[in-house]
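The values are calculated or read from the model by the stated rules, or taken from the named source; none is laboratory data. Computed from a prediction, not measured in an experiment: that's the story for all the values here. Cβ placement follows ideal geometry from the backbone for every residue including glycine, while neighbour counts extend to all protein chains displayed. The protein model used for the area step is the full one, side chains on, heavy atoms only, and it has no ligands, DNA or RNA in it. Shrake-Rupley method; radii C 1.70, N 1.55, O 1.52, S 1.80 Å.
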Amino acid sequence: MDGVTDSLMRGLLTRRMPFTYAVTEFIRVSNLVPPAHVFHRDVPELISGGSTESDVPVGVQLLGGDAALMAEAASRAASLGARVIDINFGCPAPTVNRHDGGATLLKYPCRLEEIVRAVRSAVPSRIPVSVKLRLGWENPNDIFENSQRVANGGASWITIHGRTKLQGYTPPAYWAPIRRVAKSLSIPVVANGEIWTLDDLKRCQELTECEHFMLGRGALADPALVAECANFLGFHVPSTAASTERGFSRWRELVCEVVTLSRTAAEADRRTVARVKQWLNYASHRRAITWFDRVKRVQDTRELLAVFDALAEEGVQTASRLAA
């Protein structure tokens, strides 16, 4: 979801959907520790207490394979106000994996433990250190050793995506192994992967017996999903985030708000359009958004808003003709 779930979208989504926790896009830790201005650029929530405007905590996600540099980066993030440090061992992107980051570390259980232990030791005990894993690089049974290793290293909780690296994002997700991991560890386990509907979440809960769930692409694809899941799980849902409407009018409202926020933040017009197209692309793959082809052709936000206005007008005219 790189390019979509930046701070602007985290602010919007945590205000409009009842998330209880958010994670940043990963910050790459390669040959050097990112300076403070990089953390402030990518995680401006650090300036206001490490949370979104809706007071949802934001975990600062780090990605890298050098334990010492990861520890130093975590220490810097903590000094800047991070409330949670998250370590990415799940990214399957080839460019990331070729440079000793993300899922490639799943092949080296000892290194997983070393990195987690180094990060845990580098930040104050009050700051949780969480870890994102996949089932393995190729063998899904690797999750059993890898999860134990990161727990031994001091992870506060683990999020498990129910596929290997080689399985990528090809359906289905395999949730059953997550249940065995959750039962074997004394720390919380968060289930993730292929939760696109409330029924998916119910099946995931049944198979994993988990209490915690991470929603990613599914939350972007369906603006009603988070509220439905939160209601089912018994969470308090603020009125500003309670909408379970998923029609064109809801999409129009959200897109118009993104455009307004991006202009307030002086974001480049082309960047905003690219963000909206990528966001709606997730939805178009899961649902019949008949108007997406018209959105794909727009070049700037003025044209984008004009298309949504035209679509709304066409909807009114169609309704009027049907009524007549």
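State yes or no: is ALA268 small (Gly, Ala, Ser) and within 20 Å of THR5 (Cα to Cα)?
yes
Looking for whichever is closer than 27 Å to GLN278 by Cα, open to solvent by 80 Å² or more (accessible area, probe 1.4 Å) and either of a type in the set (Asp, Glu) or modelled with pLDDT under 95 (or both) here; the options are GLU253, GLU245, GLU206, GLU257. Which one fits?
GLU253 is the lone residue from the list that is closer than 27 Å to GLN278 by Cα, open to solvent by 80 Å² or more (accessible area, probe 1.4 Å) and either of a type in the set (Asp, Glu) or modelled with pLDDT under 95 (or both).
For residues that are in contact with a strand residue (DSSP E or B) (Cβ under 8 Å, 6 or more places away or on another chain) and more than 21 Å from ARG275 (Cα to Cα), scanning just the range 209-232, find the one that is most open to solvent (accessible area, probe 1.4 Å).
Looking at residues that are in contact with a strand residue (DSSP E or B) (Cβ under 8 Å, 6 or more places away or on another chain) and more than 21 Å from ARG275 (Cα to Cα), I get HIS212.
State all residues of the range 141-153 that are surrounded by fewer than 18 Cβ atoms within 10 Å (Cβ to Cβ) and either in contact with a Ser or Thr (Cβ under 9 Å, 6 or more places away or on another chain) or modelled with pLDDT under 95 (or both); if no residue qualifies, say none.
Those that are surrounded by fewer than 18 Cβ atoms within 10 Å (Cβ to Cβ) and either in contact with a Ser or Thr (Cβ under 9 Å, 6 or more places away or on another chain) or modelled with pLDDT under 95 (or both): PHE144, GLN148.
Only one residue in SER156, SER121, SER130 is open to solvent by less than 30 Å² (accessible area, probe 1.4 Å), touching a residue at least 12 places away in the same chain (Cβ under 8 Å) and closer than 19 Å to MET70 by Cα. Which one?
Result: SER130 is the single residue among SER156, SER121, SER130 that is open to solvent by less than 30 Å² (accessible area, probe 1.4 Å), touching a residue at least 12 places away in the same chain (Cβ under 8 Å) and closer than 19 Å to MET70 by Cα.
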